[in-house]
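Data block below; observations after.
The values are calculated or read from the model by the stated rules, or taken from the named source; none is laboratory data. Predicted model only: the values in this text are computed from it and were never measured. Glycine also receives a Cβ, built like all others from the backbone with ideal geometry; neighbour counts cover every protein chain displayed.
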Amino acid sequence: MNTNGCDWVQAFCHRQAELSREKQDTLTEHLQTCDACLDFWSQTIDVPTNLKVDTLNALSLDPCSNAQLQILELESDQLEPLLSEHLSHCSACQDAYQQMTALQAALSELKEPRLDELFVADVLRKTSRRRFSWFRMRGVIHHMIQRPRFALELAYAFAILIFSSAQLAGIEWVPSTGVEMKQQQLVHTLNESAKWTQDLIENTGTKSQQRFSSAVATWQELDPHQANQTWWTWFQKTLNRTKEKKTGDNHDRNG
Amino acid sequence: MQDSELIQRCRLGDSLAWEHLVEKFQRRIFGLALTYVHNREEARDLAQEIFVRVFNGLNQFKDDQAFVPWLLAMGRNCCIDRIRRLKVRNRYHTDMPEQAEFADPSDSPHDDLETSGRNKTLYKAIDGLSEQSREMIMLKDIQGLKFREISSMLGIPEGTVKSRSVKARSDLLCALKDQGYQQGSLT
Ligand SMILES: [Zn+2]
Ligand SMILES: [Zn+2]
């Protein structure tokens, strides 16, 4: 705490210092001896009012400023017993009180001034039908989103919609990209033509072989990672075996 | 019907509920606009803009919130935006008056002259306050919000709201005295 009481009080009034309960006693003591600080303190509005009232009460110097501060703070007709007691014997504060209640009554009359009857219709026109349908849609969505089960319900409805429309269209539900679709078509074709493929490998007809090689190339290009899949493995083995067999045959013929 | 139920129905597109909501809060929103722009026509227009904004923003309202502070916060933001626009416009059209002449908010043949004159004086006194005090009078004394509600609306501690309110009331009383208001003339 600053040794200079005046500085400290002013610092507090400017909200640059804190005031604990025990420090309040020190403050009260200083205010009793220093008129300048008392004036400053009484006029400073930023001091929390309860603290100010407490201090003024403790000072017991100016019951009228205390009362008038309370009058300015009035929230309802309910008067504090102490204030009510003071008003009963102080005409100046009684006047201030009456003035305050009259002012409050007059101000509360400004709350709902008269307004012409067309006002509502004008507002309704400005928030008219087209706006209202958009508003309504947003409202319904907002209302639904607020329900906790909404996400679950939405996901369920969405899944049913997708599956039933896929079934209606005769599509086997495979979540696939364009490339995957092509692969599936190719696998299908190759599987279907297993017999034809075997013939082709065994007979090694040039034109058919070219067509088949290009199909295999496409297959590899589309998915090199699936190269060890069942069909492909079988095909490679068969191909190698055929090659070995043919080489063997050639050796036999040459030898 | 509770406000929360009304809003729920508005969100589902119930146009009757929306009409009911506008009907219920129209004067309050108009009152709010009047503390910012003072001109009856301008305030009426501003109040409509606030309702359009509320309509578009109803989905941002959370069900555990209190509706009135939310509504007033939205209205307040709209008013501040309008004032900002007006200021920019005035900067480029210097021939325009800085402030429109005060219209009596309760301008109606049925109002007795004394009451409407008093409101005019009150608005004038409020307008002479600092922006901070004016806002406190508007939120606390005119709209009747609680300190806690103003604190969360403005994002400042409740103690600060309380002391600002005390200062605003005291400033307003001074301003009224300066305008020659004697004690008792408000009643
Ligand atoms: Zn001092
Ligand atoms: Zn007194």
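Applying the condition of being surrounded by 11 or more Cβ atoms within 10 Å (Cβ to Cβ) and closer than 17 Å to A:F40 by Cα to the range A:15-25 and asking which residue is farthest from ligand 1 (Cβ to nearest atom) yields A:R15.
Regarding A:D7, is this residue modelled with pLDDT of 75 or more, assigned to a helix (DSSP H, G or I), away from ligand 1 (no atom under 11 Å from the Cβ) and exposed (fewer than 15 other Cβ atoms within 10 Å of the Cβ)? When the stated conditions are applied, A:D7 does not pass them. Among the residues making up the range B:144-170, those that are in contact with a Pro (Cβ under 9 Å, 6 or more places away or on another chain) and polar (S, T, N, Q) are B:S151, B:S152, B:T160, B:S163.
Residues in the range A:112-126 that are part of a loop (DSSP other than H, G, I, E, B) and either at the interface with another protein chain (Cβ under 7 Å from one of its Cβ atoms) or basic (K, R) (or both): A:E112, A:P113, A:R114, A:L115.
Those helices (runs of 4 or more DSSP H) of the range B:95-187 in which at least 1 residues are facing chain A (nearest Cβ under 9 Å) and at pLDDT 90 or above, considering only elements entirely within it, cover B:113-127, B:158-178.
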